[in-house]
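Worksheet: one structure, shown below.
Coordinate-derived values only; no laboratory data. No experiment lies behind these values; they were computed from the predicted model shown. Note: ideal-geometry Cβ built from the backbone for every residue, glycine included; neighbour counts use all protein chains shown.
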Amino acid sequence: MAEQSVFAGPSVRRIRRREGLTQAAMAAALGISASYLNLIERNQRPLSARLMLLMAQRFDFDPRTLGSHDEIGGVDGLRRRLGDELFADLGIDREEVVEWLNAAPQAALAFARLYDTAGSRPGSDPTDATLLARREIERWRNHFADLDAAAEELADELRLSEGEIGAAMSERLRRRHQLSVRILPVEVMPDHLRRLDLHARQLQLAEMLDPASRTFEIAVQLAQLEQREAIRALVEGANLADRAAQRLFQRHLYAYFAAALIMPYGRFLRACEATGYDLPVLQRRFGVGFEQLAHRLTTLQRVGQRGLPFFMLRIDRAGQVSKRFAGASGALFLESAETCPLWNLHAAFEHAGRLLSDRVALEDGTSWFTLARTVQGSGAIRGGQGEFVVGLGLDAALAGPLAAARGRSLRGENATPIGPGCAQCHRIDCMQRSLPPRGAALRFDDRSRGLTPFDFAS
């Protein structure tokens, strides 16, 4: 790297914003002028090898992620794209991806751009907007440092004025924005959870919302009022061509700020580490629901103050995934459109309210410690079918500090073998298999019948 220099303006700007620094502050840390840093960020000057190394030391990142690597999302970002079922039969492993990214980074970038824009072309499936928004979230590893810093600052300010966060946020709405919070009966507001009535100067909330959800909706409203410009800049920076994808990403960022306001980064991480990530204790301490807590646990990637790298997903009884965040976990199997029925994520529906743990192993040799619990969706407030299961997980090798893992064996040989859905799973001895894997050659023998419905070459 001694002779390298690259044009990496967007990457440098993203790192600066992640750290919550002004151009002047970052320039001072690097020993250069703010005007020179401004030129680097605008790609009018290259980033020298010396500055590259200095940034890596000061801001804890891999220099190889600069430039095109950063836009791709590094090796994990490229692997997520190659995890598409379209490429399932190719068997591309991590080493091949690393070689490709190192040998031909511009070709890898071209592939990533083509793949990412495919869903926004005319005539594409409308559900691609969800995928495009999620890719942008995963590119950031679901950690937005500027929003976290702003939320933490506001949370500290609110704690000084009022001990209870919900009351403090309501008072801020009243004083700063001339808005009162009103709880309306279900017959008056039957089809909404939250509504801003500017004529009446009211934030109206459904009476059927539980206290945690009520607090969260107030926080979302504060985000919309006070973080609009910061969030708009993030959305514009994503360069999402699809309007629906832009709005979905924006909605995620408002919810992100709301969660960060209720669970401020530093205080929340200290509580996680002090309790061994004891989920019921954390729920009570911060007054949040299980799903809100699960979301927050996927975001703890502040430089120099990282939490454990959790992933999170939510499924319905049919196994359909309605939310998934890999965060920094590297859990590529989440990209599958299906979930494995052998995973006890599904069994949680029969144990409502209980926190179930499991150790699962994938075909690629990775082993994960997972937790699952039922939650009630918004449809349940009117007696609708609103039950889901939220799952959390992390690399089993990192699960030792967890309260839920105490006394449990975390060795891979004791794990439940699962796959990324039958269509992408090549385990040959699975009794639960419902269809053969894509790309596999089926074998037939009229003289005998095996234990599993399909016989194919391993």
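A few comments on the model shown:
- In terms of surrounding Cβ atoms within a 10 Å radius of their Cβ, R284, R134, R433 rank from fewest to most as R284, R433, R134.
- Kirkwood analysis of the stretch 145-262, using all unique Cα-Cα pairs, places the hydrodynamic radius at 15.0 Å.
- Centre-to-centre, using Cα atoms only, the stretch 242-310 and the stretch 408-452 are separated by 36 Å.
- With distances taken between every two different alpha-carbon atoms, the chain has a Kirkwood hydrodynamic radius of 24.1 Å.
- Dipole magnitude of the chain about its Cα centre (Cβ charges: Lys, Arg +1; Asp, Glu -1), debye to nearest 20: 960
- The stretch 212-278: equivalent-ellipsoid semi-axes (sqrt of 5 x gyration tensor eigenvalues, Cα, Å): 27, 14, 10
- Translational diffusion of the stretch 268-380, µm² s⁻¹ [Kirkwood Rh, Cα pairs; Stokes-Einstein; 20 °C; 1.002 mPa s]: 142
- Sorting L342, L179 from the fewest to the most surrounding beta carbons within 10 angstrom yields L342, L179.
- Neighbour-count ranking [beta-carbon atoms within 10 angstrom, fewest first] of D128, D446: D446, D128
- Radius of gyration and Dmax over the Cα atoms of the stretch 290-443, both given in Å: 15.9, 53
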